[in-house]
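Engineer: The structure under discussion is supplied below as structure tokens; questions concerning it will follow.
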Amino acid sequence: MPAFPDIDPLEERLLNQLAAAWHSGEQVTVLEAMAMSSDVSGTTVHRRLKSLRKKGVIEVVADEVDNRVKYLEPTKLATDYFAQMGKCLETANKK
């Protein structure tokens, strides 16, 4: 697995929130993600989303019908990272 890029605590929290939504089958728009954290401004979240995109963790995909709507999706790097984290948690729970 390629090395996971360094992310700051806010990026990690945002990524975990997105992962929870993705795991439950939700599609998350950029605007929805910007409103996920009530204690962080939408502008700050947007900057962190751009950073996560540059780091290769998320991608932005336009809606097929209305390309003004942009969805956030995990990249292979992100899914590999969460799979590895899941294995680590399983190992830790067995001890």
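The values are calculated or read from the model by the stated rules, or taken from the named source; none is laboratory data. This is a predicted model, so every value here is computed, not measured. All Cβ positions, even for glycine, are placed from backbone atoms using ideal geometry, and neighbour counts span all protein chains on display. Please note that ligands, DNA and RNA were not included when accessible areas were found on the heavy atoms of the full protein model with its side chains. Shrake-Rupley method; radii C 1.70, N 1.55, O 1.52, S 1.80 Å.
Engineer: Which residue is least open to solvent (accessible area, probe 1.4 Å), if the candidates are limited to region 52-74 and must be β-branched (Val, Ile, Thr) and in a loop (DSSP other than H, G, I, E, B)?
Structural biologist: Val57
Engineer: Confirm whether Ala35 is of a type in the set (A, V, I, L, M, F, W, C), open to solvent by 30 Å² or more (accessible area, probe 1.4 Å) and over 20 Å from Asp80 (Cβ atoms).
Structural biologist: So Ala35 fits the description; yes.
Engineer: Would you mention how many residues in region 34-45 are outside any loop (DSSP other than H, G, I, E, B) and more than 12 Å from Glu11 (Cβ to Cβ)?
Structural biologist: Result for region 34-45: 3.
Engineer: So Leu77 clears everything in (1) open to solvent by less than 40 Å² (accessible area, probe 1.4 Å); (2) over 16 Å from Phe4 (Cα atoms) except one condition, right? Which one?
Structural biologist: With respect to (1) open to solvent by less than 40 Å² (accessible area, probe 1.4 Å); (2) over 16 Å from Phe4 (Cα atoms), Leu77 is out only on (2).
Engineer: So, one more: Taking the conditions exactly as written (surrounded by 11 or more Cβ atoms within 10 Å (Cβ to Cβ) and in a helix (DSSP H, G or I)), does Leu49 satisfy them or not?
Structural biologist: Taking the combined requirement at face value, the residue satisfies it.
Engineer: Please give the number of the condition Met1 fails out of (1) at pLDDT 95 or above; (2) open to solvent by 80 Å² or more (accessible area, probe 1.4 Å); (3) touching a Phe, Trp or Tyr at 6+ places or on another chain (Cβ under 8 Å).
Structural biologist: Answer for Met1: the failing condition is (1).
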